[in-house]
Amino acid sequence: RDKNNCGIVTQKASLLHFPNFFTPNGDGYNDHWQIILSRTDPTLEIYIYDRYGKLMIALKPNSLGWDGTYNGKQMPSTDYWFRVVRPSVGEIYKGHFSLKR
């Protein structure tokens with residue numbers, strides 16, 4: 001409802017939750033980065049990039065997530081960027097997170 005009481009508009013809201021950091025050190029806590037509840041939307045396309053725009057990994061929504069490696073090598077502690085394509089609602093989300101070692 002707007003401030004002039006002209007009517008009501010209903011719009012579906014899509015929320016995307018993700019961890020701000022992860023620590024792939026093998027202790028069982030925050031060892032992988034993944035969109036929270038990504039399994040609820042199997043159409044998600046999740047891409048992770050380094051600071052130079054190089055694609056690190058394309059994740060499946062039902063996967064465990066990214067373990068902080070690229071071609072078997074541990075990536076350094078820094079910020080990484082992601083892009084999530086959500087075909088079910090026709091939206092693209094972008095953001096970043098930190099890998100801490």
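The values are calculated or read from the model by the stated rules, or taken from the named source; none is laboratory data. Please read these numbers as outputs of a predicted model, since none were measured by experiment. Every residue, glycine as well, gets a Cβ built from its backbone with ideal geometry; the counts of neighbours run over all protein chains shown. These accessible areas exclude ligands, DNA and RNA; they are computed on the full protein's heavy atoms, side chains included. Shrake-Rupley method; radii C 1.70, N 1.55, O 1.52, S 1.80 Å.
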Working out 0.36 nm times the residue gap between residue 39 and residue 54, then minus their Cα-Cα distance, what length gain in nm do you get to one decimal?
2.9 nm
Sum up the charges of everything whose Cβ sits under 13 Å from the Cβ of residue 44, counting Lys and Arg as +1 and Asp and Glu as -1, but leave residue 44 out.
+1
Net charge, residue 92 excluded, C-beta distance under 15 Å - Lys, Arg +1, Asp, Glu -1:
0
Cα pair count fraction exceeding 16 Å, expressed as % - the chain
60
Find the relative contact order for the chain and round it to a whole percent, using C-alpha pairs within less than 8 Å whose residues are 6+ positions apart.
26
At 1.4 Å probe size, with the rest of the protein present, what percent of the exposed accessible area of the range 1-98 is carbon and sulfur atoms?
51
Just to confirm, what accessible area per residue do you get for the chain at 1.4 Å probe, in whole Å²?
70
Let me spell out the model: positive unit charges on the Cβ of Lys and Arg, negative unit charges on the Cβ of Asp and Glu, origin at the Cα centre of the chain. What dipole size does that give, in debye rounded to 20?
220
